[in-house]
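First up is the structure itself, then whatever we jot down about it.
Read the figures in this text as sums done on the coordinates, not as results from a lab. Please read all numbers here as calculations on a predicted model, not as lab measurements. So basically every Cβ, Gly included, is an ideal-geometry build from the backbone, and we count neighbours across all protein chains shown.
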Amino acid sequence: MKKLTKWLLLPVALMTVLPSAASSFNDERTDFRDETIYFAMTTRFYDGDPKNNVLCWDGVANQKENNDPAWRGDFKGLIEKLDYIKALGFTSIWITPVVQNASGFDYHGYHAMDFSKVDLRYESRKEWGSEEDVDFQALIDAAHAKGLKIVLDIVLQHTGNFGENYFCHLFDRSQDIRNQANIEASLLPDQEKLGGAAYWDLPNSGEKTQYSERFKYLKNTDGQNHDNKNYWHHLSTSWNWDDPSRWWGQIAGDCVDLNTENPAVVDYLVKCYGKFIEMGVDGFRIDTTGHIAPLTFNSAFIPRFVELGEKYKNKRLNQAPFYMFGECCARYGGVIYRDQHLLSSHYYTWKSDPSLVSEWNTYDAAWWAKQEVPEGAAPLGNMLTCLKDPGTVHDSDNVFMKNGEWHEPDYSQASGFNVIDFPMHYNFNSAGQAVRIAQEGDHYYNDASWNVVYVDSHDYCPGPNDGVRFNGGTAQWAENLSLMFTFRGIPCIYYGSEVEFQKGVTIDKGPQLALANSGRAYFGAYLEGEVNASDFGTFTASGNVAQTLNGDLSQHIIRLNQIRAAVPALRKGQYTWDGCSANGGYAFKRAYKDSYALVALNGGATFTDVPAGTYVDLVTGQSYTPAGGSITVDAPQTQGQLRVLVKDWTGGKVGVDGMFIYTTSPVAHGGNPQFTDPGTTEYYTSDDAIGSAAVTLSPAGCSFKTETMTVTAALNETAASGWVKVGNNAQKTLIPGTAEVLTIGQDMAFGESVTISWGATSTTGETFQGNAVYKKVDPNATITIYVTGKNNTDISGTNLYAWNANGKLFGEWPGKKLTETVTIDGREFYYATVDDSEPLDVIFNRNGAQTGDISGITEDTFFEYNGTDNASKIDVTVAKTPSVKFSPNGGTFYDNVTVTATVSNAVSAWYKIGNGSQTAINGTTATFTLGDNMEVGESVTVSWSASSDTETKTGNVTFTKAEKQPEPEGITVYYDNSVTNWSTVKIHHWSVNATEWPGVEMTQIAADIYMYTCPTGTTGVVFNNGNGDQTGDVTPEHGHIYKGLGNGKFQDNGVYISGVGSVETSPEEAPVEYYNLQGVRVVNPTPGIYIQRQGNKVRKIRVN
C-alpha cells in the first residue's frame, strides 16, 4: 500500500457572510420544499480516511497513473466537510448508494450485490489503521447535528451481475479492506454453483465465460430454470426504450433488471432500505424510476416506504415527513415523453386506479414461485396489469396562484412520490428555455413545486449534447441558478458546479476514461483547509476551501440560499405570470399562505394587481409601496440579476452583493478558483490482497480410483481458526500450522461422492465456509466415443481432442488421431476409449477445420461428422453385453486383497472363487477378500457369469499371492505415459542426491508404464520429456503411479498393481529380460518377484 503525503494548510483567512433574518428557519423545515440539495458522489468528494482507498478492478492503469483510486472519498470525508456544504447554504445532502456493490467499476454504488449491507469501502475502521470507526450511522448523526438532512440514493430496478446475496448468492464478499482491489481475493465464488476458486480460470471471452456462467443463474440464459422464484425479469431483448416494455428491460450489462412486480422482491427491498429509514435518513432519491411501472410504485413501494417513514419519523430531523423523488430519465425536449404520459415524469406524481392496484396485489410471491419463465418470455401476471394503466391525462392547478393569491392545494390524488424535473433539466441551457418548459407542462404534475430541479448531474447536462458537464459560461450559470432558487421546485447542485468544476468534460465513459479527466473527478483539492459554519451561509474558513467558498459563483449560491431561506413563498409557494411585465428578463409572483413575493430576473419589471402592503427588496433593502396596485422595480439587465420584493418584510437586505446580484455595480469576490488534484499516494492495489481465511484441501476435490484416498486439510495464513468435516461426520478442529489428514473411500461404492466441508475464521473475525467434492470411480470404467462420416463422407485423418476436470485426455491439440474402427449395423465407426468416467468435452478436428465444443458426455456416444465443422449425436442400437468386471482385475497381491465385482447390463449374475460355490451378486456390486487361506505362490481363479434377457456371458480372472519383498531402499514411482505419449520419459528429483535438470530416464516396464526408484528422503519429483514438456511438482509416494494429463497436470492413481490376467504372452523368439521392482536390469535373477520383458510385452512374474 502506498503512503500518504499530507497537505499543508494555507494561512488562515476569514470569510464572513451576513446571517439570514429567518432565525426560525431550522425549526420550520418540516416540508421538504424548505430544502436545497447538494449532490455529492461520496467516493469523489473528499477523502477523510486514506486507509480505505481502493482501486476498482477495471481502469487500473488510469487510476495508478493519476494516483486517483476510484474509491477515494468516504463517510469520514463527508463528515469533515459538512460545514463546507452548510457554508454554501445548502440544507440537505444527496449521496450516491451505500449498499455493497460488485462490478469492475462500482465506485458510484449502483451495482448492488447485497442490499442488506453497507459497502465497507465507505467506512473507516480502527482495525485497518483508521483513527476512528466511522459508519453510515455516524454520517447521519453528524449531519443531523449540524441541521443537515441526508437524502440516500437507492436502486430498486436492478442488481449488478454478480448476483445478490438474498436473491441469488453467487459470491461471498471479503470484509478485509486489503482484498478489495483484487477481484479473486475479494469475491469467493460459490462452490456448488460456480465451482469455487476454479471459477476464476474461466475466460472472459468466448462461449463459456465468467460472465455467462454467473449470468445464467439470474436470467436462465442456458435454458435451465435457475431463477425459479422469478426474482428477475425475463424479457431478454424484447423491450424498447420508448414504450412500456422498458419497465422490464435490462438497461446495461451490469444492471440486471429485478422483477419488481414480484411481491417477494418488493418485500426484501423494502426490508433492506427500511433499515436506512430506521437509521434516520430523511429521504430517498430512487434511481431508474422510469424503468419501473407507475402502478408498481403505487401498489407496493410508495405505500410501504411512507408507512416506514411515519413509523420512524422521530429519527429524522424535525420529525419531517419522509420525502421521495425519482429519476424518470427522459433525454427529450418535451414534457410528455414521445407523446406518452404513461412514460413521462409527471405521471409518477399521481395515484393509480384503485381497481388496478387491487388487481396488481392479487399476484403474490407464491404465485410467482409457481411460474416457470424462460428467458425471452412475454409479460405475465401483474406485469400485464401494469399494461392496463390507461396513461390518464391529469391536470392540476396546485402549483398556480388563483386570482393573484395562494390557495389550498388538493393532494387527494397525489401519489406521495415526486420526481427530478427531467424536462426542465434537459432544457436548462438558459432560464428562458426552463421557463418555457414550465409554462408548457407544469399543469401535468400533481404539484410541480415538489419537483427536484438541477442543471447537470453525474449523468447528463442539458441537451442535446448532454454527455458533458455544463459549459454555458459563468454568467449563464448565474442566470440558471437565480431562476432555480426563486422559481418553483427544490434546487439541487451537483458537486463542484459552484466553481464550474470540470466544465465541458465528458461526464462518464466507464473505465475507458480516467476519472481524473471526467465529470466525476475528485473534488478534494478544492476542499483542503478548514471551514466552520455557524449557520447556513455563515462561516470561517482557511486554505483552499476558503478560496472555493469565496469564488464568485459560490458567493452567488450562498446569497441565493439565504434569500430563499428567508421567504416561505420562494421555498414552497405557488406562482403566476399574471400581472408581471419584465424589462429584459423574466418576472413572476410567488405566494404561500401569508408570504408573498415579486421576483424579477435579468432586469427590472412592473407588477400589477399587487396586494396592498409594504414591499422590501431583499437584494437592495429598498422599500416599495404599490401605487394603484402597481410596483415598478429597476435593475441592471444582466444575467443572473435579481430583485425579490417581499410583502411586509422587516429584515432588510439579505446577504452581500456579488458579481451577479447587486444594487448598482458588480462586486468581485474570488473569481473562479481552480486547484489541481495532486493525487493520493496511499491506496490498496491488487498486489496488496492477502486473500480470505480458508482451509486448504489437498487435493481440492477430484475423482479417485483407489480403494481409499488421503486428503490433507490445513488453515491458510489468513485464518486464525477453523474446522473440517467429512460428509455428515463431526467437525474436526484445525490448529494453525498443523495439518489434518483425512481418509476417505473406505465405505464408498464406485460412483459415490463425498463432500468435505470446512469453515475458517480470520484474525478480524470474518467467517468463511467452503467445500470440495470427491468421487470414487470404477478403475475399469470407460467412455467410448464413436464417429462415422455423415452421408458416407470420408473422415479419415480425424483427430479427437478431449478434456474434463482431470485434464487433457489425449494430450495437446489436436488430440488423438482416430485409426481404430469397428463395424456396427453395417456402418464403420472410428472410436477412441477414455479410461475415465468423469463427464468430458470433445472437439472433432480434421485438416485445420474443427467443430465447436461438444460438452457433457457421460457415456458411450455416437456421432456423425461432416469432416469439417459439424458433428451431431446419433442414436445407434448396440446390443449391450452382460458382464462382471473385477477391481483389481486379477494379478499379484501380498497378504490379502479386497476385490470389487461390478455387474453391467445383466438381470442376474454370480461369481465363484476357485472350486467354491456360486455367490449371487445382488444389485450392481459385491466385494470379497482373497489371501487369508492361500499359500505364497498359490493362484486362484475367480469365475463369473452374467445373464441378460437374451444371453449369458461367462469369464474368469486369476489372482496370485506373492511373497512380500523387503521394502526397497528408496521410493519407487511409476509414470503412465498413455496420454502424454512422450518418446522419452525422464524424472528429476531433489532433496537427496538431486539430479540435474531434466533428470534421468525412467525404465519402461509396460506399453505406457515407466518406473524409477528415487533415493530415500526425496521430497519432490517432476516427470518430463527432456524437451520442455513436464508435469508440475509431485510429492512422491512409494509404489504410486502418476498419470500425466498434459499442460503440466497429473493424476495420482494410487498404488500400482500390474494386471497379469490382461497381459498377452510375448513372442517366443524375442529375448527375455528381467528387472527388479526398482527398475534395475538383472542378468541372473535369484528367486523373487521380477518384471519380465519380452519384445513389447511385459509381465510381473515370480522366479523360484
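Restricting the count to DSSP beta bridges whose residues both fall in the stretch 392-542, what percent are antiparallel, rounded to a multiple of 5? Before the final figure, lay out the partial values.
On the way: 7 of 10 bridges.
In the stretch 392-542, DSSP labels about 70 percent of beta bridges as antiparallel.
Over the stretch 784-874, calculate the relative contact order: mean separation of alpha carbon pairs under 8 Å at least 6 apart, over the residue count, as a percent. Could you put the intermediate results ahead of the total?
Working: 198 pairs, mean separation 31.6, N = 91.
Computed over the stretch 784-874, the figure is 35 percent.
By the scheme Lys and Arg +1, Asp and Glu -1, what is the net charge of all other residues having a beta-carbon under 15 Å from that of D242? Walk me through the intermediate numbers first.
Values: positive: R246, R331, R338; negative: D243, D339.
Around D242, the charge tally is +1.
How large is ³J(HN,Hα) for each residue in the stretch 638-646, as worked out from phi by the Karplus curve 6.51 cos²θ - 1.76 cosθ + 1.60 (θ = phi - 60°), to whole Hz, x for Gly and Pro?
Rounded to whole hertz, the list is 10, 5, x, 4, 8, 10, 10, 9, 10.
Mind listing which GluC sites (Glu not before Pro) in the stretch 323-409 are in a DSSP loop and have 13 or fewer other Cβ atoms within 10 Å? Display every interim value, and only then the final one.
Details: sites: E327, E359, E372, E375, E405; in loops: E327, E372, E375.
When the GluC sites (Glu not before Pro) of the stretch 323-409 are filtered for loop state and at most 13 Cβ neighbours within 10 Å, E372 remain.
Using alpha carbons only, how many degrees (0 to 90, rounded to 10) separate the axis of helix 302-311 from the longest principal axis of the chain?
It works out to around 70 degrees.
How would you classify the stretch 464-514 from its alpha-carbon gyration tensor, with a ≥ b ≥ c the square roots of the eigenvalues: rounded for a/c under 1.5, else prolate if a/b is greater than b/c, otherwise oblate? Don't jump to the answer; show the numbers that get you there.
Values: a/c = 2.36, a/b = 2.01, b/c = 1.17.
Note, shape of the stretch 464-514 comes out prolate.
Could you give each residue of the stretch 255-271 its phi-based ³J(HN,Hα) in whole Hz, using Karplus coefficients 6.51, -1.76, 1.60 with θ = phi - 60°, and x for Gly or Pro?
Once rounded to whole Hz, the list reads 10, 8, 5, 6, 7, 6, 8, 8, x, 5, 5, 4, 4, 5, 5, 5, 4.
Scattering from the C-alpha atoms of the stretch 693-776 alone, worked out with Debye: what is log10 I(q)/I(0) at q = 0.15, 0.16, 0.17 1/Å?
Cα-only, vacuum Debye calculation for the stretch 693-776: -0.50, -0.56, -0.62.
For A720, list long-range residues whose amide hydrogen, built 1.01 Å from N in the peptide plane, is under 5 Å from its own amide hydrogen.
Under 5 Å from the amide H of A720: T761, S762, T763.
Using the alpha-carbon atoms, what tilt in degrees (0 to 90, nearest 10) does helix 431-441 show relative to the longest principal axis of the chain?
For helix 431-441, the angle is close to 80 degrees.
GluC sites (Glu not before Pro) within the stretch 185-246: which are DSSP loop residues with at most 16 other Cβ atoms inside 10 Å? It would help to have the intermediate numbers written out before the result.
Numbers: sites: E192, E207, E213; in loops: E207.
Those that pass, being in a loop and sparsely packed, are E207.
Over the chain, what lengths in whole Å, largest first, do the semi-axes of the equivalent ellipsoid take, defined as the square roots of 5 times the eigenvalues of the alpha-carbon gyration tensor?
Values: eigenvalues 1226, 199, 114 Å².
So the equivalent ellipsoid measures 78, 32, 24 Å along its semi-axes.
Given R₀ = 60 Å, FRET efficiency for S238-T625 by Cβ-Cβ distance, to 0.05? The partial results should precede the final answer.
Working: r = 67 Å, r/R0 = 1.11.
Rounded to the nearest 0.05, the efficiency is 0.35.
For the chain, what does the helix formula give at 222 nm: sum of -39500 (n - 2.57) over DSSP H segments with n ≥ 4, over the residue count, nearest 500 deg cm²/dmol? Walk me through the numbers before you get to the answer.
Numbers: 20 runs with 154 residues, N = 1104.
Helices in the chain give a 222 nm mean residue ellipticity of -3500 deg cm²/dmol.
Report the normalised scattering of the stretch 883-962 as log10 I(q)/I(0) at q = 0.18, 0.27 Å⁻¹, calculated by the Debye formula with identical scatterers on the alpha carbons.
-0.68, -1.32
Where Lys and Arg each count +1 and Asp and Glu each count -1, what net charge lies around R564 among other residues with Cβ under 14 Å from its Cβ? Before the final figure, lay out each step's value.
On the way: positive: R29, R33, R488, R559, R571, K572, R590; negative: E28, D31, D34, E35.
Computed value for this residue: +3.
To the nearest 10 degrees, how steeply does helix 210-219 sit against the main Cα axis of the chain, on a 0 to 90 scale?
70 degrees
Kindly provide the trypsin sites (Lys or Arg not before Pro) of the stretch 254-362 that DSSP labels as loop, not H, G, I, E or B, and whose Cβ sees at most 15 other Cβ atoms within 10 Å. Don't skip to the end; give the middle numbers.
Working: sites: K271, K275, R285, R304, K311, K313, K315, R316, R331, R338, K351; in loops: R316, R331, K351.
Filter output for the stretch 254-362: R331.
Short version: ³J(HN,Hα) in whole Hz for each residue of the stretch 470-479, in order, from phi by Karplus 6.51 cos²θ - 1.76 cosθ + 1.60 (θ = phi - 60°), x for Gly and Pro, what are they?
Calculated HN-Hα couplings, in order: 3, 9, x, x, 5, 5, 5, 4, 4, 4 Hz.
Grab the other residues whose beta carbon is less than 10 angstrom from that of E132, score K and R as +1, D and E as -1, and report the net. Can you show the working numbers first?
Working: positive: K76, R125, K126; negative: D49, E131, D133.
Combined, the nearby Lys, Arg, Asp and Glu give 0.
Tell me which residues come under 5 Å, amide H to amide H, from V610 once H is placed; ignore anything under 5 positions away on its chain.
Amide H to amide H, under 5 Å and 5 or more residues apart or across chains, V610 pairs with S630.
So, in Å, what gap is there between the alpha-carbon centers of the stretch 254-320 and the stretch 606-628?
The stretch 254-320 and the stretch 606-628 have Cα centres spaced 45 Å from each other.
Normalising by the residue count of the chain, find the relative contact order in percent from Cα pairs under 8 Å and 6+ residues apart. Intermediate results must be reported in sequence, preceding the final value.
Working: 2675 pairs, mean separation 95.2, N = 1104.
Computed over the chain, the figure is 9 percent.
So who's got an amide H within less than 5 Å of the one on F539, skipping anything under 5 residues away but keeping other chains? H placed 1.01 Å off N, in plane.
V17, S534
Only Lys, Arg, Asp and Glu count, each charged at its Cβ (+1, +1, -1, -1), so figure out the dipole size of the chain about its Cα centre, rounded to 20 debye. Present the calculation step by step, with values, prior to reporting the outcome.
Numbers: 84 positive and 128 negative charges, 139 e Å.
Charge dipole of the chain: 660 debye, to the nearest 20.
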